[in-house]
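To start, the structure itself, in structure tokens.
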Amino acid sequence: MTARLVVLASGNGTNLQAIIDACESKQIDAQVVGVVSDKHEAFALNRAQCHNVETAVVAAKPHETRQQYDARLAQIVSAWQPHIVVLAGFMRVLSNSFLSLYPNQVINIHPALPGELPGTHAIERAFTEFANGIRQETGVMVHFVPDEGVDNGPVIAQQTVRIHAADTLVTLEARMHATEHALVIDALQQLITQQKAPAS
Ligand code: GRF
């Protein structure tokens, strides 16, 4: 059975694009059935629409609690009946009320190695640490999101990325993003294979 993916993205959507491309080329047996953004202007929405993927915007309302937001999000996402929900640059922390609906089904892409640099601007922070002589490498991980912890769930796939003396933040970012795009497909491949395996 082709895996149904819902992707949540707040920004550019290059990881979404990598996922759509891998589905269309049949590199993975999956289909992106919906994309949600919390930002009307997210370019990820344009990318989805270009590939005839349904989209929705769930923008935060003033004074809304995280649970209230997540309940609205869950209503949209659940209608697409996903097997896997991918957080691809989704800039909100999801509450347990949402996550408990999708046990072992929500995954996140984070541009740092496990246990390092949680939160935003991880590539920039790694590059600053390199410039200060306290780091030679960084990396990318794809992990499960079992709870409200930020960038720290069980790891599905990880890849180290060396930082070179000639790197600028721009060249490092380009290499990190290329690594993300490959790693998220590896992680999805693993999950899809596992979901297809008969329970023993
Ligand atoms: C990526 O660096 C991802 O690892 C992080 O947010 C960024 C999203 O980039 N969580 P894009 O929108 O997929 O281009």
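The values are calculated or read from the model by the stated rules, or taken from the named source; none is laboratory data. Keep in mind it's a predicted model, so treat the numbers as computed, not measured. Every residue, glycine as well, gets a Cβ built from its backbone with ideal geometry; the counts of neighbours run over all protein chains shown. SASA here: full protein model, heavy atoms, side chains in, ligands and nucleic acids out. Shrake-Rupley method; radii C 1.70, N 1.55, O 1.52, S 1.80 Å.
Observations
- Members of region 163-180 that are within 16 Å of the ligand (Cβ to nearest atom) and not in a helix (DSSP H, G or I): 163
- Matching entry among 138, 120, 160 (being hydroxyl-bearing (Ser, Thr, Tyr), at pLDDT 95 or above, buried (at least 16 other Cβ atoms within 10 Å of the Cβ) and within 23 Å of residue 19 (Cβ to Cβ)): 138
- The residue list 57, 106 contains one member that is within 15 Å of the ligand (Cβ to nearest atom), of a type outside the set (S, T, N, Q) and under 26 Å from residue 181 (Cα atoms), which is 106.
- In region 10-43, residue most open to solvent (accessible area, probe 1.4 Å) [restricted to those that are away from the ligand (no atom under 13 Å from the Cβ) and in contact with a Phe, Trp or Tyr (Cβ under 7 Å, 6 or more places away or on another chain)]: 33
- Within region 77-91, the set of residues being out of contact with any Lys or Arg (no Cβ under 6 Å at 6 or more places or on another chain) and open to solvent by less than 60 Å² (accessible area, probe 1.4 Å) comprises 77, 78, 80, 84, 85, 86, 87, 88, 89, 90.
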